[in-house]
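In what follows, a single structure is set out as structure tokens and then discussed.
The values are calculated or read from the model by the stated rules, or taken from the named source; none is laboratory data. No experiment lies behind these values; they were computed from the predicted model shown. Cβ coordinates were reconstructed from backbone atoms using ideal geometry, including for glycine residues, and neighbour counts include every protein chain displayed. Remember, those area values only see protein heavy atoms, side chains included, never the ligands or the DNA or RNA. Shrake-Rupley method; radii C 1.70, N 1.55, O 1.52, S 1.80 Å.
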Amino acid sequence: SSMTKFHQHLRCYHGFWFRPEFVLLGAMAAQDHFVPRSSDILICTPPKVGTTWLKALAFATLNRNDQPCRQSLLLSHNPHICVPSLEYNLYGERRLPELTAVPSPRLLSTHIPYQLFPSSWVSSGFKIVYLCRNPKDTFVSYWHFINKITGEESYHDSLDDVFNSFLKGVHLAGPLWDHVLGYWNASLVNPHNVLFMRYEELKSDPFVRLRRLAEFMQCPFSEEEERQGVLEKILDMCSLESMRNLDVNKNGHTIKHSFKFKNDAFFRKGKVGDWVNFLTPEMAERLDQLMEQKLHNCGLSFND
Ligand code: A3P
């Protein structure tokens, strides 16, 4: 079969593909036990669209005026520790975390598709920041990433095999089009509670997008902060170069069940359009056409 070594472990749950033994169990425990507050801010993404960057930006922005300054935690901790994920860090491996003592606003994250949110989450009024990315770059980043898994498991899956699987929607939290569509539709229904962003916009217009993010999180930058260059400082602190060069991200590890990642696996090239170095024109065309067909008439397109 064309199943890759990595993907043969995935199982389909209500139309989405997960690793059953930990991600899915964590997601199900979160569905059953997580009680959102209207003040919560949830960073929602498919894998490999710049989650790590967005976590750093949101954390730095939200904690910029705390005393003692929590923002500096980003210098000694990977962003995935600063902004924990519901299904991995919090509810993963059958843990039931005590989240009631965490002061508001709580900043959390998830790859769980919107379609799998319990109705109590949807009606809670919490805020969602959704990030997505050109599917071709998302795929290339994903392929690199799964081949960087070490530990009990490691994979050497070919680009062609992973690509064919991706086209069928079989990849972590896939199909990508359904993931994007769920949040896109939610943002249309409820624009006050769902901020829909793209990696490419963050790259091309960082100041504009960071301002928007801060407003959305209800901690807008004041004129004084603008004058003092607070936005520049945050963008510098969270840049790929700065983050990559921190000791914790150069030498640290993130362990998720039998997966083991070096933290540097989260920081690769950070380029828009890197797919040209990996996909043939025919492959690009296939993925573009498929996305076009799946997103037909919804008002969202990834065509440049
Ligand atoms: P590439 O593999 O294309 O380089 P995620 O955080 O969702 O796992 O996504 C990882 C992608 O975001 C990788 O893309 C990575 O290089 C990029 N990335 C990580 N940190 C970044 C940062 N601070 N600024 C810009 N891009 C970043």
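Things worth noting here:
- Residue in the stretch 104-122 that is modelled with pLDDT of 95 or more, within 20 Å of Ile43 (Cα to Cα), within 14 Å of the ligand (Cβ to nearest atom) and open to solvent by less than 10 Å² (accessible area, probe 1.4 Å) present: yes
- Residue count, the stretch 83-98 (criterion: in a loop (DSSP other than H, G, I, E, B) and either within 16 Å of the ligand (Cβ to nearest atom) or surrounded by fewer than 22 Cβ atoms within 10 Å (Cβ to Cβ) (or both)): 6
- Residues that are open to solvent by less than 50 Å² (accessible area, probe 1.4 Å) and within 26 Å of Ser119 (Cβ to Cβ), drawn from the stretch 1-24: Tyr13, Gly15, Phe16, Phe18, Arg19, Pro20, Phe22, Val23, Leu24
- Within the stretch 172-186, the presence of a residue that is small (Gly, Ala, Ser), assigned to a loop (DSSP other than H, G, I, E, B) and open to solvent by 10 Å² or more (accessible area, probe 1.4 Å) is excluded.
- Residues satisfying the stated conditions in the stretch 207-216, i.e. surrounded by fewer than 18 Cβ atoms within 10 Å (Cβ to Cβ) and either among the charged types (D, E, K, R) or closer than 12 Å to Ala60 by Cα (or both): Arg211, Arg212, Glu215
- Test: residue in the stretch 35-49 that is polar (S, T, N, Q), at pLDDT below 95 and either more than 16 Å from the chain's Cα centre (by Cα) or within 16 Å of the ligand (Cβ to nearest atom) (or both): no
- Those residues of the stretch 99-132 which are part of a strand (DSSP E or B) and hydroxyl-bearing (Ser, Thr, Tyr), in sequence order: Ser109, Thr110, Tyr130
- Evaluating Asn263 against the criteria (1) more than 13 Å from the ligand (Cβ to nearest atom); (2) modelled with pLDDT under 95 leaves one unmet condition, (1).
- Among (1) over 14 Å from the mean Cα position of the chain (by Cα); (2) open to solvent by less than 10 Å² (accessible area, probe 1.4 Å), the one test that Cys132 misses: (1)
- Residue check for Asp137: open to solvent by 10 Å² or more (accessible area, probe 1.4 Å) and either at pLDDT below 95 or assigned to a helix (DSSP H, G or I) (or both): no
- Elements of type helices (runs of 4 or more DSSP H) in the stretch 227-304, at least 3 residues being more than 21 Å from Phe59 (Cα to Cα) and open to solvent by 20 Å² or more (accessible area, probe 1.4 Å): 281-294
- Contacts under 7 angstrom Cβ, first residue in the stretch 96-109 being free of Cβ contacts under 8 Å to residues at least 40 places away in the same chain and more than 22 Å from Gln218 (Cβ to Cβ), partner outside any loop (DSSP other than H, G, I, E, B) and open to solvent by less than 70 Å² (accessible area, probe 1.4 Å), 6 or more apart: Pro97/Leu90
- Residues being aliphatic (A, V, I, L, M) and open to solvent by 10 Å² or more (accessible area, probe 1.4 Å) - total across the stretch 59-76: 3
- The listed residue being away from the ligand (no atom under 16 Å from the Cβ) and among the charged types (D, E, K, R), out of Arg70, Arg133: Arg70
- The listed residue being touching a Cys at 6+ places or on another chain (Cβ under 8 Å) and either surrounded by 16 or more Cβ atoms within 10 Å (Cβ to Cβ) or farther than 20 Å from Pro175 by Cβ (or both), out of Ala56, Ala27, Ala101: Ala56
- Of all the residues in the stretch 187-206, those that are aliphatic (A, V, I, L, M) and surrounded by fewer than 18 Cβ atoms within 10 Å (Cβ to Cβ) number 2.
- Number of positions in the stretch 184-200 that are over 18 Å from Trp53 (Cβ atoms) and touching a residue at least 12 places away in the same chain (Cβ under 8 Å): 7
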